[in-house]
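Data first, discussion second: the structure below is written as C-alpha cells.
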Amino acid sequence: MSVDFGQIRRTEHLPARIAVQIASDIHDGRLKPGDKLPTEHFLARSLGVSRSVVREAIAQLRNEGLVETRQGVGAFVTERQSRQIRIGEDELFERDSFRDLFQLRIPLEIEAAGLAAVHHTADDLARLDAALDQMTGAEKWTEQGIVADLAFHRAVAEATGNDYFAMFIGFIAERISLAINAARAKAVLEEIVNITIEEHVVVRDAIASRDPKAARAAMRRHLLGAAARIDLTLETD
C-alpha cells in the first residue's frame with residue numbers, strides 16, 4: 001500500500017487542524033506571549049467538536065512549545081525564546097521528510113517502552129488501559145480511535161518518568177497521526193484497526209509485566225508494522 005501524501009493533507013485529523021489554526025494565530029500575532037487561550041469548553045462549543053479533540057490540539061501546541069498549561073488555570077502562549085521544536089506542516093507532505101521523522105520515532109519509542117516497563121506507576125498503567133479501552137470501544141472506527149492511539153503513545157512516554165521523552169514523542173506522534181489517517185483511508189479499515197489494537201495490547205502487557213526487553217521488542221514490531229502499512233521503507237538493523 002502506497003500512501004498518497006496529498007491524501008494525508010486532505011485527511012488531516014481534527015486536533016491537528018485546530019492546532020494549526022491556533023498556531024497561525026500565534027505566529028501572526030493575533031495571540032501574543034502571555035495570552036490565555038479560551039477554555040476547552042468554549043473552544044469545543046465554538047468549533048463544534050468534542051473537548052477531547054480540543055485537548056489533543058492543545059497537547060500538540062504544548063509539544064511544539066507554543067503554549068504552556070498550568071493546572072487548574074489554563075493554557076497560555078509561551079515567549080518566543082522558549083519555543084524549542086518546530087517543523088513546518090508542509091515539510092511533512094514530502095515523502096522523504098515524513099520518512100525521516102518516522103525513522104526518528106523508532107529509537108525514541110522503543111527506548112521509551114523499555115523505560116516505561118521499569119518506571120511505570122499504577123496511574124501510568126491506568127492511562128494506558130484507558131487509551132486501549134477507547135481504541136477497542138465502539139468509536140474505534142472513527143477519528144476518536146486515532147485520538148486514543150496517540151494518547152496511548154503519550155502515556156507510554158509519560159510512564160518513562162522523563163519529561164523529554166514525553167515532549168519529543170508527543171510532538172512526533174501528532175505529526176505521524178497524519179499518516180494514520182491516510183492508512184485508514186486506503187486500507188481495509190477492519191483489518192488495520194484490529195492489527196493495530198493487537199500490537200498495542202502486546203506493548204501494554206509487556207510494560208505491565210515490567211519486562212523492558214519484551215516491551216522494547218513489542219514496540220519495535222508495532223512501529224515497523226505501522227511503517228509497512230503506509231509503505232515506508234526504513235533503515236533498521
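The table for this structure:
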| read-out | value |
| --- | --- |
| Among the residues listed as 170, 137, the single one being at pLDDT below 95, surrounded by fewer than 22 Cβ atoms within 10 Å (Cβ to Cβ) and under 17 Å from the mean Cα position of the chain (by Cα) | 170 |
| Evaluation of residue 111 against (1) surrounded by fewer than 14 Cβ atoms within 10 Å (Cβ to Cβ); (2) at pLDDT 95 or above; (3) within 22 Å of residue 217 (Cα to Cα) (one fails), failing number | (1) |
| Looking only at segment 155-165, and only at residues there that are in contact (Cβ under 8 Å) with a residue 24 or more places away in the chain and surrounded by fewer than 21 Cβ atoms within 10 Å (Cβ to Cβ), the one that is nearest to residue 137 (Cα to Cα) | 161 |
| Residue check for residue 18: buried (at least 20 other Cβ atoms within 10 Å of the Cβ), under 22 Å from residue 146 (Cβ atoms) and modelled with pLDDT of 85 or more | yes |
| Matching residues in segment 55-68 - criterion: being closer than 19 Å to residue 30 by Cα and either of a type in the set (A, V, I, L, M, F, W, C) or part of a strand (DSSP E or B) (or both) | 57, 58, 61, 66, 67, 68 |
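The values are calculated or read from the model by the stated rules, or taken from the named source; none is laboratory data. Bear in mind the structure is a predicted one, so any value in this text is a computation, not a measurement. Virtual Cβ from ideal backbone geometry, glycine too; neighbours counted across all protein chains shown.
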